[in-house]
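Have a look at the structure below before the remarks.
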Amino acid sequence: MTETDLYQFTEKMEASDRSYYREIKKRWNRLAKPIGGLGRLEDMAAQIGAIQKSLHPSVDRRAIVVMAGDHGVVEEGVTQTGKEVTKSVMENMLVTASSITPFARVSHADIIPVDIGIASDIEAAGVWKRKIRYGTGNIRHERAMTREEAVQAVCSGIRVMKELQEQGYQAVATGEMGIGNTTVSSAICACLLSQPAEKVTGKGAGLSQEGLDNKIRVIKDALKLHKPDRTDMLDVLSKIGGLEVAGLVGCYLGAAYYRMAIIIDGFISSIAAYMAAQIEPKAKDYMFASHCSDEPAGSLMLQALGLKAYFYGNMRLGEGTGAAMCFSFMDYALAAYEGIPSFQDAEIEEYKEDL
């Protein structure tokens, strides 16, 4: 898929069907509970219905897509660990040695680990091999990737969503793995939101203050060197981005095109969601913000997206852990929508609106 093909693809995307949203909201008001008593859970069920064009939506078949890629900027000492950790985590993801594994089990979701840019070959069973290149360039000194590679990575994410939709999945949680990806995500955030690096950069996986200061310097150097165009998402991705971030951009675009609910995880996932919405605003209709990352720019990105998190857990782990938890909110919302009796069935006097 070329860049022209990508934009032609996104132009064909449809908004969610608000007529289903309105009908589901009306039905909520006929159920035996206070009007609006379940708050945003009522909105959540209505949004899922609008996505699926159904008055009885379902998210029984769900997946957690974890995009993984390595970053050349790790050479600048911006992390506590080396690139080898990315490969190790992904190799263990489908067995029980990764953070997301128990979360997936509890949320009854299948893990889909995707190698889109790990710096070495990975042979673990179950990992989807979609490698564009072996890690990105060191953004302090060179572009992360070519523009064509950025397009390929976005398109790879789209194809992953297509395959999942064809397999019957209805909802997807997003996750990522890539040592060094808070550095590139903070650089992207600083660029897109015109914010100083100091405001949007955190310690990631436990940097010291000295390490944080170095991380900020590296981001400033990268932005000064590349001068990414914040109105052109492919320019930003190719100059200072990550392969897993680009892949997630494609996941959000693909989920919208194939009418699947998609859950944003934390800071890095929200960066990709924002970029997808910049490419095609209709993609936002299909997004759900699970939690607000404890990274400094976590709340800034959700505000920029115009979305509210469903919970605040001071989490900053990644891998889709927060997004996986949001499946429980969907389960509660749809169970209540289908399970609460109507006022008539319960023989209860109906609540009136606007009193």
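What about Val172, is it in a strand (DSSP E or B) and of a type in the set (A, V, I, L, M, F, W, C)?
Answer is yes for this residue.
Among Glu14, Glu42, which is of a type outside the set (S, T, N, Q) and within 30 Å of Cys155 (Cβ to Cβ)?
Glu14
Within segment 206-308, considering only helices (runs of 4 or more DSSP H) that don't extend past its boundaries, which have at least 3 residues that are within 29 Å of Glu148 (Cβ to Cβ) and small (Gly, Ala, Ser)?
Answer list for segment 206-308: 243-257, 267-279.
Taking segment 182-205 on its own, how many of its residues are in a loop (DSSP other than H, G, I, E, B) and at pLDDT 95 or above?
The total comes to 4.
Tell me which residues, restricted to segment 143-165, are under 15 Å from Ala119 (Cβ atoms) and of a type in the set (Asp, Glu).
Once the filter is applied, which keeps residues that are under 15 Å from Ala119 (Cβ atoms) and of a type in the set (Asp, Glu), segment 143-165 yields only Glu149.
Can you pull out the residues in segment 189-248 that are surrounded by fewer than 16 Cβ atoms within 10 Å (Cβ to Cβ), of a type in the set (Lys, Arg) and within 24 Å of the chain's Cα centre (by Cα)?
Lys199, Arg230
Do the conditions hold for Leu317, that is, is it at pLDDT below 95 and surrounded by fewer than 20 Cβ atoms within 10 Å (Cβ to Cβ)?
Considered against the rule, which asks whether it is at pLDDT below 95 and surrounded by fewer than 20 Cβ atoms within 10 Å (Cβ to Cβ), Leu317 comes out as yes.
How many residues are under 26 Å from Met145 (Cβ atoms), in contact with a Lys or Arg (Cβ under 7 Å, 6 or more places away or on another chain) and part of a loop (DSSP other than H, G, I, E, B) if we restrict to segment 88-127?
Number of matching residues: 4.
Between residues in segment 259-271 that are crowded, with 24+ Cβ neighbours inside 10 Å and residues that are of a type in the set (D, E, K, R) and assigned to a strand (DSSP E or B), which pairs lie under 8 Å by C-beta distance while being six or more apart or on different chains?
Sorted first by the residue in segment 259-271, then by its partner, the pairs are Asp265/Glu176; Ile268/Glu176; Ser269/Glu176.
Assess whether Ala144 counts as being more than 30 Å from Tyr310 (Cα to Cα) and surrounded by 24 or more Cβ atoms within 10 Å (Cβ to Cβ).
Yes, satisfied.
Quick one: which of Leu302, Leu317, Leu307 is in contact (Cβ under 8 Å) with a residue 12 or more places away in the chain, among the hydrophobic types (A, V, I, L, M, F, W, C), assigned by TED's automatic domain parsing to the domain that holds Ile100 and out of contact with any Lys or Arg (no Cβ under 8 Å at 6 or more places or on another chain)?
Exactly one residue qualifies, and that residue is Leu317.
Name the pairs: first residue in segment 281-298 and surrounded by fewer than 24 Cβ atoms within 10 Å (Cβ to Cβ), second residue hydroxyl-bearing (Ser, Thr, Tyr), Cβ to Cβ under 6 Å, at least 6 apart or on different chains?
Asp285/Ser16
Of all residues in segment 124-136, how many are over 19 Å from Thr321 (Cβ atoms), in contact with an Asp or Glu (Cβ under 8 Å, 6 or more places away or on another chain) and touching a residue at least 24 places away in the same chain (Cβ under 8 Å)?
Number satisfying all stated conditions: 8.
Which of the residues belonging to segment 115-141 are crowded, with 22+ Cβ neighbours inside 10 Å and among the β-branched types (Val, Ile, Thr)?
Ile116, Ile118, Ile132, Thr136, Ile139
Filter segment 89-104 down to residues that are more than 13 Å from Gly320 (Cα to Cα) and surrounded by fewer than 16 Cβ atoms within 10 Å (Cβ to Cβ) and give me whichever is modelled with the highest pLDDT.
So, considering only residues that are more than 13 Å from Gly320 (Cα to Cα) and surrounded by fewer than 16 Cβ atoms within 10 Å (Cβ to Cβ), the one modelled with the highest pLDDT is Asn92.
Given Gly49, Gly77, Gly72, Gly82, which one is among the small types (Gly, Ala, Ser), closer than 26 Å to Glu142 by Cβ and surrounded by 14 or more Cβ atoms within 10 Å (Cβ to Cβ)?
Gly72
Consider Ala276 carefully, then state whether it is among the small types (Gly, Ala, Ser) and touching a residue at least 60 places away in the same chain (Cβ under 8 Å).
In short, no.
Among the residues of segment 161-181, which ones are surrounded by fewer than 24 Cβ atoms within 10 Å (Cβ to Cβ) and not acidic (Asp, Glu)?
Lys162, Gln165, Gln167, Gly168, Tyr169, Gln170
The values are calculated or read from the model by the stated rules, or taken from the named source; none is laboratory data. The structure presented is a predicted model; accordingly, all values stated were derived computationally and were not measured. Here Cβ is always computed from backbone atoms with ideal geometry, including for glycine, and neighbour counts include all displayed protein chains.
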